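Everything on this sheet refers to the single structure shown next.
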């Protein structure tokens, strides 16, 4: 083992002691789980509230409702006028935002250490006392529709990804876009949003995470003061629609105005919650970084700079999801290169991983980069809280974040080869090709979209 890697591993305990202190937790009588991670390096904090609700909980006819509700959370409560929430945070020197994902909706404020109670007072107010007026709903629904037009309908790569996801999954709710299908947004009504809010925005369906220069006992006392009086809701999570076994390779072609072709490939893979072997998600993470982990990774080195067959190529995998997902590849061909040649090049890279174990030297280099990035991410209070909130919201233990780096360090060439052989096979594969159509000269040049993510309020 290279001495540089040994030095990094030896450094992990001391870094963990500084940047990953103990997390204290408490559950209020109404079901709200409160997690506090003290970090006294600077007089600041982040306060985040995570709700176990996102697009994967939605059903046909109301897709997009979670994201629309996220917008409405800034449009007034019984005590606060529309926009007043953001104004109060700004006046206290803070920043705030929100995001909707497939498995969660989350809200956060980053503030000075002595402003925590302001955050709690505001979030408790809108947890159970949102106004949900027709005027604001109509306005925000149009904002969301325009967001969908600019980010998906007018972005050929994002549009391809949306159609690809709908084809890749037969039953899984991950087939629905976070922002919602256009027809569902057209028929969405305020009553739908109001019912969604009443059912899911309750203390027993939320996780409150605070990280920063705080005293845990004071945080728990403030949480009890502001969130404790809120009533719980009877939560009945929808039954999960299990994705059936795929019975062969799927292919689709998307015709849309675009300047260039685009390729998407996705293989069905497990998440951390349902993997047959606990080490598999970590091996899949390392495989993703081996192929697309910066300028020295295989795609950049061999396909972009080497053969120059692609202008760009990527690989991604998400271990932390509520349901099984996809190991994704995407690529844009270099000028003059046919999309068929690009697909063949990606398949060759996969076949090589399956037939030839990665060398110890290459794996060490990639692992050093991945582990260093994970270690230094711990310097961010916001990131620390995000990891805790995400894990708890999808039903995993927050302690996984503290062992993640060590588990990555255990990945071997044999395990990478094993997951590639097991999961990157034709019967698990969906392929989508963007077939570029003539552009209207008046249309703006679309921004690069690609492989999914979360939707922010602004």
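Structure above, values below:
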read-out: Selection status of residue 124, at pLDDT 95 or above and more than 20 Å from residue 200 (Cβ to Cβ); value: no
read-out: Test result for residue 293, touching a helix residue (DSSP H, G or I) at 6+ places or on another chain (Cβ under 6 Å) and at pLDDT below 95; value: yes
read-out: Qualifying residue in region 44-54 (condition: modelled with pLDDT of 95 or more, in the same structural domain as residue 119 (by TED's automatic domain parsing), more than 23 Å from the chain's Cα centre (by Cα) and over 26 Å from residue 200 (Cα atoms)); value: yes
read-out: Enumeration of residues in region 173-199 that are within 18 Å of the chain's Cα centre (by Cα) and surrounded by fewer than 21 Cβ atoms within 10 Å (Cβ to Cβ); value: 175
read-out: Selected residue (only one of 274, 292 is under 17 Å from residue 161 (Cβ atoms) and either touching a residue at least 24 places away in the same chain (Cβ under 8 Å) or not assigned by TED's automatic domain parsing to the domain that holds residue 53 (or both)); value: 292
read-out: Residues (assigned to a helix (DSSP H, G or I) and under 21 Å from residue 238 (Cα atoms)) located in region 166-178; value: 166, 173, 174, 175
read-out: Cβ-Cβ under 9 Å pairs, at least 6 apart or on other chains, region 68-81 side within 14 Å of residue 128 (Cβ to Cβ), far side crowded, with 22+ Cβ neighbours inside 10 Å and at pLDDT below 95; value: none
read-out: Residue satisfying condition, being in the same structural domain as residue 102 (by TED's automatic domain parsing) and in contact with a strand residue (DSSP E or B) (Cβ under 7 Å, 6 or more places away or on another chain), within set 262, 174; value: 174
read-out: Which listed residue is surrounded by fewer than 19 Cβ atoms within 10 Å (Cβ to Cβ) and either touching a residue at least 24 places away in the same chain (Cβ under 8 Å) or under 25 Å from residue 267 (Cβ atoms) (or both), from 131, 135; value: 131
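The values are calculated or read from the model by the stated rules, or taken from the named source; none is laboratory data. It should be emphasised that the depicted structure is a prediction, and the values quoted were computed from it without experimental measurement. So basically every Cβ, Gly included, is an ideal-geometry build from the backbone, and we count neighbours across all protein chains shown.
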